[in-house]
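Take a look at the structure set out below.
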Amino acid sequence: MRVGVLTGGGDCPGLNAVIRAVVRRGVKEFGFEFVGFRDGWRGPLEGVTMPLGIEQCRGILPRGGTILGSSRTNPFAVEGGVERITANLAAAGVDALVAIGGEDTLGVATKLSEQGVPVVGVPKTIDNDLSGTDFTFGFDTAVNIATEAIDRLHTTAESHHRVLVVEVMGRHAGWIALHAGMAGGASEVLIPEQPFDIDAVCARVETRFQTQYAPIIVVSEGAVPADGTGMTMQSGEKDAFGHVRLGGIGDRLAKEIEDRTGKEARAVVLGHVQRGGTPTAFDRWLATRFGLQAIGAVADVEYGVMVALRGTDIVRVPLSEGTGELKLVGPSEYAEAQVFFG
Ligand code: F6P
C-alpha cells in the first residue's frame, strides 16, 4: 500500500508530529510506503510530491510548521481540479490519502471522498472551533503563547498605569481569548460570539483603575462592538488572497478606550506568533495519537472518516463532522469568565 500525506490551510504546531506518527506506524506496523504532497491540495492538483519516510521524519516532533508545506488551494475552484487530482494520485501510485487540515481542507476531503477518493482526515486548527472533536492540536500551544504574553503585559501595564489590549487569533470563535484570558487573569475577554458594549467595557476600565490594578483586555480578532454603542467597525477589506482583514480591532479598541476614559492605552497584536514554533507537550501527544489512529483507519480500509478526540479517546467519525457548524463559545462558558471582569 502506498499512502499520500498532505497538510493544508494555516499551519499549526503539531502538524509534523502527525506526519511522523502516520509514517512511523505505517512503515513499522503495516509495511506501507509513503509519498508527501507539497503545499496542501496544490500537491495532488499539480502533481508536486516529495519523498516521505522514516528518514524525513527524524527530529521533526518538536518542530513547528510542516515539512510538507501548506496552502489554501481549493481544487474545486479550479477548472477540472478533481480530475487532475485523481489522475495525479494514480500517477504517484497512491492507494490512499491522509489529509491533515482545518475546515477548508477537510471540506475538500469530504467532497473528494464522496467522489470515491480513499481519504482519511486529521483535524487541525489553533482556533479549536471544529465541531467534530473536543480539541484540536495547536490550540494548547496558541493559548500558552497568549498566556505568557498576558503575564508579561500585566507588569508593564501596572508600572505605567495603562490599559493593555491584547488581540489574539480567532475569526469566528473566541476559544483562544477565553482560555488565555482566564489563564492570564485578564480583566476583560471580548469574543466574536458576543458583541461587546463599549460603554460597559470603559466603565469596567475605570473600576479596575480604582482598585489600583491596570486593566488587561483580551480581544479576539473577530470580536465586534454591539450596534448602537457608538463604536463603528470599518468593514473588512480583503487582501490579495481574498482573506478578510478585519481592520485591527485591538488597535481601534485601544484608541476608543483612550478617547473615552482619558486613560493611556496600548494594543499588542500577537498574530502569527501564536502559530509558530514548537508545540506544547499536550499538542505533540494529541497530534501523535491522531496520526497513529489515522493510519490505523487506512490499514482498516476505513475511508471517508476523520479522527477526533472524544473525552480521552481517539475515535473515527464521518469526515463531514469536521466541516459542519463551527464549535463556538457558549453563553454559559462565557458567563463563567465574566466573574473576573472589571
Ligand atoms: O484558522 C487559523 C487562523 O490562524 C485564524 O485564527 C486566523 O484568522 C487565520 O488563520 C490567519 O490566516 P493567515 O495565516 O492566512 O493570515
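Here are some residues: 65, 47, 53, 9. Which one is surrounded by 19 or more Cβ atoms within 10 Å (Cβ to Cβ) and touching a residue at least 12 places away in the same chain (Cβ under 8 Å)?
9
Give me the residue from the stretch 128-157 that is among the polar types (S, T, N, Q) and under 18 Å from the mean Cα position of the chain (by Cα) and, out of that set, modelled with the lowest pLDDT.
131
Just checking: which of the strands (runs of 3 or more DSSP E) contained wholly in the stretch 1-62 hold 1 or more residues that are within 22 Å of residue 142 (Cβ to Cβ) and within 16 Å of the ligand (Cβ to nearest atom)? Spell out the reasoning first.
Values: elements: 2-7, 33-37, 49-52.
Result: 2-7.
Table: residues versus (1) at pLDDT 95 or above; (2) touching a Lys or Arg at 6+ places or on another chain (Cβ under 8 Å).
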| residue | (1), (2) |
| --- | --- |
| 166 | yes, no |
| 174 | yes, no |
| 192 | yes, yes |
| 212 | no, no |
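Considering only the stretch 203-222, state which residues are surrounded by fewer than 20 Cβ atoms within 10 Å (Cβ to Cβ) and either within 16 Å of the ligand (Cβ to nearest atom) or not in a loop (DSSP other than H, G, I, E, B) (or both).
Those that are surrounded by fewer than 20 Cβ atoms within 10 Å (Cβ to Cβ) and either within 16 Å of the ligand (Cβ to nearest atom) or not in a loop (DSSP other than H, G, I, E, B) (or both): 203, 204, 206, 207, 209, 210.
Here are 287, 281, 337: which of them is touching a Phe, Trp or Tyr at 6+ places or on another chain (Cβ under 8 Å), of a type in the set (Gly, Ala, Ser) and either touching a residue at least 24 places away in the same chain (Cβ under 8 Å) or farther than 23 Å from residue 173 by Cα (or both)?
Result of the check over 287, 281, 337: 287.
Starting from residues that are surrounded by 21 or more Cβ atoms within 10 Å (Cβ to Cβ) and aromatic (Phe, Trp, Tyr), keep the ones in the stretch 91-145 and report whichever is farthest from the ligand (Cβ to nearest atom).
Among residues in the stretch 91-145 that are surrounded by 21 or more Cβ atoms within 10 Å (Cβ to Cβ) and aromatic (Phe, Trp, Tyr), the one farthest from the ligand (Cβ to nearest atom) is 137.
Can you report the number of residues in the stretch 146-178 which are part of a helix (DSSP H, G or I), within 16 Å of the ligand (Cβ to nearest atom) and surrounded by fewer than 23 Cβ atoms within 10 Å (Cβ to Cβ)?
Taking the stretch 146-178 first, the residues part of a helix (DSSP H, G or I) are 146-160, 175-178.
Filter once more, keeping what is within 16 Å of the ligand (Cβ to nearest atom): 146, 149, 175-178.
If we keep only those that are surrounded by fewer than 23 Cβ atoms within 10 Å (Cβ to Cβ) as well, we get 149.
Adding up the residues that qualify gives 1.
The values are calculated or read from the model by the stated rules, or taken from the named source; none is laboratory data. Since the structure is predicted, the reported quantities are computational estimates derived from the model, not experimental observations. Neighbour counts are summed over all protein chains in view; Cβ atoms, including those assigned to glycine, are modelled from backbone coordinates with ideal geometry.
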